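Structure record follows, encoded as structure tokens.
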Amino acid sequence: MFSKLDKSIISLISQDIPYVKEPFKALSLKLGIRQGVLLKRLKYYKDNNFLRKFCVSLNHRKIDYWHNAMVVWNIPEEFVDKVGSLMAAFAQVTHCYQREKASDWNYNLYSMIHGRTKKECLDVVKCICKKIGCKDYRVLFSSEEYKKTAAKY
């Protein structure tokens with residue numbers, strides 16, 4: 001199904017992308033192909049649902065954001081999409097997603113907020129509360145960071 005080149009591309013893009021002005025050019029040079037060829041293959045993967053998303057994951061501590069809070073919210077189901085969009089518009093919110101409520105956990109919308117201090121995170125929570133009008137939430141600060149690894153192909 002996939003050629004040797006396809007397998008090389010998939011393997012390469014599942015690793016860290018170089019932090020350079022033209023990352024796709026750097027990747028194509030590493031593969032020994034033209035940048036246009038690489039971009040056409042990536043478009044083909046996307047168009048045929050082999051590639052769902054291409055994203056960046058920053059190590060927030062390396063850019064001096066040492067505090068992060070997972071905030072869980074109890075939002076009426078009919079407002080989850082609208083409220084989630086409002087939350088996601090905050091620059092400090094890096095994740096925002098919906099989960100099913102559990103019998104002993106009445107929260108269905110989760111947002112991850114990063115800040116340089118705990119106070120900075122809490123200030124963002126206050127701004128979000130004011131914007132969405134929700135008072136039923138919990139702020140859970142991380143106590144430890146675990147190593148994040150992506151799937152390797």
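The values are calculated or read from the model by the stated rules, or taken from the named source; none is laboratory data. Since we're looking at a predicted model, the values are computed, not measured. Methodologically, a virtual Cβ is constructed for each residue, glycine included, from the backbone with ideal geometry; neighbour enumeration extends over all protein chains shown.
If the condition is being surrounded by 13 or more Cβ atoms within 10 Å (Cβ to Cβ) and free of Cβ contacts under 8 Å to residues at least 24 places away in the same chain, then region 113-143 contributes Asp123, Cys129. Screening region 99-153 for residues that are acidic (Asp, Glu) and at pLDDT 90 or above and picking the one that is farthest from the chain's Cα centre (by Cα) gives Asp104.
Okay, residues lined up against (1) at pLDDT below 85; (2) within 26 Å of Cys134 (Cβ to Cβ); (3) not basic (Lys, Arg):
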site	(1), (2), (3)
Gln35	no, no, yes
Tyr45	no, no, yes
Arg61	yes, no, no
Asp64	yes, no, yes
Glu77	no, yes, yes
Val83	no, yes, yes
Met87	no, yes, yes
Cys96	no, yes, yes
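Taking every residue in region 3-24 that is over 22 Å from Asn48 (Cα atoms) and pairing it with any residue that is modelled with pLDDT of 90 or more and surrounded by 11 or more Cβ atoms within 10 Å (Cβ to Cβ), at least 6 positions away or on another chain, the pairs with Cβ-Cβ distances below 6 Å are Ile17/Pro23; Pro18/Ala26; Val20/Ala26.
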